[in-house]
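Please read the structure below before turning to the comments.
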Amino acid sequence: MNEPRMPRRIYKYRAFSGRVLDMLVADQLYFSDPADFNDPLDSRPNVEGDITDHELEHILSHLVEQRIKAEMTAAAKSLKYRGPKTIDHIARHSRKHADSLLNEIRYNAGNPAYEMDNPEHFLLTQYLEEELLRRYDRGIVSFGTRATCPLMWSHYGDQHRGICAGYSVPEDASDKLNKIEYRGSRNVKASDVAIMDHDPTARQRVDESVLLRKAGSWSYEREWRLIGTRGLQDSPLELEEVIFGIRCDAALKYTIFKALEDRHRSVKFYEMREQHGTFRLLKRRLELGALGASLPRRSRDVFDAFDNLDIEEPPLGGSH
């Protein structure tokens, strides 16, 4: 399959906040936990049990042992425990935890409430799903490829009161950017999970199913994703432009203009406008001069205009 063509610009729609201003000034992006996304099915695959129960037990046991070992090794390091006894203790405890989980699954599979032919197979795939998702502790930044999408402005740009930041993709960041596929299945084969640690092709199939698929109804977003460590990170992209929504306040536009004014690499500014008689949006260049003539404003300037008035006049309602 051909690699998707990298877009010339990608766009991040945002409701404005102090945090967003900080991120623009510091040139940072926030990599979100997929569990916080508005679509609960996003980044939540369905494990397809295409192998035997015995093989499922083996995979699940292996993943659980890996996780417990990693957690206990990190704890031991912080407590400065080391040496053969510590390593042996971690290995035994990890094995015990995995065995305990398998015994619990076998016991629960005997519950008559499960009206299916093989409840143990079902439970094993369910626990494998949970364990698989624990391994995907990556963060995601989502982008669109258009700055003029009315739905994106309404859903993510605070109903046109927010902003949209446009980025170019440097060559050294192109491998970090991934295109979303909009198709129905979110299945992950258990056989791929079993070999993904040493089979790059299987790993790619699992990664794509977990992180890069969404329902077809989201296709209007034309989404691309950066995947990295969760939390606030330096941006690997190049900020090129900031676009203001139709309802964005003039004071907010002025604030962002001034905040980015002395940036080493300048940023272009635009504002959204309606195309008369249609539902289309147009992007128009915006210069500081259009805002700077009236901002920043001082409300008491109107009183100062009377300071040099030489003609003394009687107050309103006074005697003649």
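The values are calculated or read from the model by the stated rules, or taken from the named source; none is laboratory data. Please read these numbers as outputs of a predicted model, since none were measured by experiment. Here the Cβ positions follow ideal geometry from the backbone for every residue, glycine too, while neighbour counts run over all protein chains shown.
Scanning the range 136-156 turns up at least one residue that is among the hydrophobic types (A, V, I, L, M, F, W, C), touching a Ser or Thr at 6+ places or on another chain (Cβ under 9 Å) and in contact (Cβ under 8 Å) with a residue 24 or more places away in the chain. Taking the range 51-137 as the region of interest, the helices (runs of 4 or more DSSP H) fully inside it that hold 2 or more residues being out of contact with any His (no Cβ under 9 Å at 6 or more places or on another chain) and of a type in the set (F, W, Y) are 119-135.
Restricting F303, F279 to those that are at pLDDT below 95 and either touching a Lys or Arg at 6+ places or on another chain (Cβ under 8 Å) or not in a loop (DSSP other than H, G, I, E, B) (or both) reduces the list to F303.
Taking first residues from the range 182-200 that are within 18 Å of Q66 (Cβ to Cβ) and partners that are in a helix (DSSP H, G or I) and polar (S, T, N, Q), the Cβ contacts under 7 Å between residues at least 6 apart in sequence or on separate chains come to V188/S209; A190/T125.
To keep it simple, each residue is scored yes or no on (1) outside any loop (DSSP other than H, G, I, E, B); (2) farther than 22 Å from L21 by Cβ; (3) in contact (Cβ under 8 Å) with a residue 40 or more places away in the chain.
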position: I246; (1), (2), (3): no, no, yes
position: F257; (1), (2), (3): yes, no, no
position: Y270; (1), (2), (3): yes, no, yes
position: R284; (1), (2), (3): yes, yes, no
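Considering only residues of the range 33-49 that are surrounded by 15 or more Cβ atoms within 10 Å (Cβ to Cβ) and not β-branched (V, I, T), which is farthest from M196 (Cα to Cα)? Checked the range 33-49; the qualifying residue farthest from M196 (Cα to Cα) is F37. Out of all the residues in the range 90-111, is one or more at pLDDT below 95, over 30 Å from P7 (Cβ atoms), touching a Lys or Arg at 6+ places or on another chain (Cβ under 9 Å) and charged (D, E, K, R)? Within the range 90-111, not a single residue is at pLDDT below 95, over 30 Å from P7 (Cβ atoms), touching a Lys or Arg at 6+ places or on another chain (Cβ under 9 Å) and charged (D, E, K, R).
For the subset of the range 142-168 comprising residues that are among the hydrophobic types (A, V, I, L, M, F, W, C) and more than 17 Å from the chain's Cα centre (by Cα), which member is farthest from W218 (Cα to Cα)? For the range 142-168, the residue satisfying everything is A147. Condition check for M1 on (1) surrounded by fewer than 11 Cβ atoms within 10 Å (Cβ to Cβ); (2) at pLDDT 90 or above; (3) in a loop (DSSP other than H, G, I, E, B): one failure, at (2). Does any residue of the range 127-137 turn out to be more than 35 Å from the chain's Cα centre (by Cα) and surrounded by 15 or more Cβ atoms within 10 Å (Cβ to Cβ)? There is no residue in the range 127-137 that is more than 35 Å from the chain's Cα centre (by Cα) and surrounded by 15 or more Cβ atoms within 10 Å (Cβ to Cβ).
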